[in-house]
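A quick write-up on the structure given underneath.
The values are calculated or read from the model by the stated rules, or taken from the named source; none is laboratory data. Everything numeric in this text was worked out from a predicted model, so none of it was measured. Here the Cβ positions follow ideal geometry from the backbone for every residue, glycine too, while neighbour counts run over all protein chains shown.
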Amino acid sequence: MQTKTKNRLTIILTVLFFTAPVVIAYVLSSGLIKYQPEQKKNNGHFVSPLVKLADHSKHSWVNDLNGHWTLIRRVPEVCDKQCIDMENDLHKYRLSLGHRAEKLNLMLVADGYSSETPDPFTHIKKIAIGENKELQKVFAQLSEVSLKKGHGMYVVAPEGFLMMAFTAENTSTEIIRDLSLLVKRKGE
């Protein structure tokens, strides 16, 4: 091949190499081609719009959400012995993360707590929101995309935003998969 032809071919390939991604991105974003990926990585439902819990409560526990991933289990009643099973489930989700378990905080949010029941899970923060009608209303609305009837399981991002809800259809394996993906995120 001659040098002149070789140089032209090199220039053409270089221009194509750098312009092709721009052209493809433009065509996909313009709507000329309807492309929608079939699979997604997450199993939970993203909460839209995101809910910043600090906007609905001034208690100090809200500030503890910042800087950590937090798995919240919401119960719309006074917790007694039935909450021990829920705490056990939360504990198992955290254990399933292995060496990344310390990146996930656990929280049980109820209207109140019975002081008669001994607490085997002292690392799970228990929050009573029976006096906070605004926060109860927020959780009641979110319940419709989660476990229904006021119940719910949610993930709060390190920035303090409640961003994902799990439904009754989500299996423990799916929840663990989502939590694993989230805690792998760098920067914590």
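Of all residues in region 1-23, none that is at positive phi has its Cβ atom under 7 Å from the Cβ atom of a residue that is exposed (fewer than 10 other Cβ atoms within 10 Å of the Cβ), 6 or more apart or on another chain.
In region 79-93 there is at least one residue that is surrounded by 12 or more Cβ atoms within 10 Å (Cβ to Cβ), modelled with pLDDT under 90, aliphatic (A, V, I, L, M) and farther than 21 Å from K148 by Cβ. Note on region 46-58: among residues that are surrounded by fewer than 17 Cβ atoms within 10 Å (Cβ to Cβ) and in contact (Cβ under 8 Å) with a residue 60 or more places away in the chain, the one that is farthest from the chain's Cα centre (by Cα) is S57. Restricting attention to region 154-169, the residues that are crowded, with 23+ Cβ neighbours inside 10 Å and over 18 Å from H56 (Cβ atoms) add up to 1. Of all residue pairs spaced 6 or more apart or on separate chains, those with beta-carbon atoms under 9 Å, a first member in region 73-85 that is acidic (D, E) and a second member that is at pLDDT 85 or above and surrounded by fewer than 17 Cβ atoms within 10 Å (Cβ to Cβ) are E77/G112. Return yes or no: is K148 among the charged types (D, E, K, R), surrounded by fewer than 19 Cβ atoms within 10 Å (Cβ to Cβ) and touching a strand residue (DSSP E or B) at 6+ places or on another chain (Cβ under 9 Å)? Against the criterion (among the charged types (D, E, K, R), surrounded by fewer than 19 Cβ atoms within 10 Å (Cβ to Cβ) and touching a strand residue (DSSP E or B) at 6+ places or on another chain (Cβ under 9 Å)), K148 does not qualify.
Say whether the condition of being part of a helix (DSSP H, G or I), of a type in the set (D, E) and either farther than 17 Å from H91 by Cβ or modelled with pLDDT of 90 or more (or both) is met by at least one residue in region 140-159. Checked region 140-159: no residue is part of a helix (DSSP H, G or I), of a type in the set (D, E) and either farther than 17 Å from H91 by Cβ or modelled with pLDDT of 90 or more (or both).
You will find that of L50, L65, the residue that is more than 24 Å from K149 (Cβ to Cβ) and in the same structural domain as E169 (by TED's automatic domain parsing) is L65 and no other.
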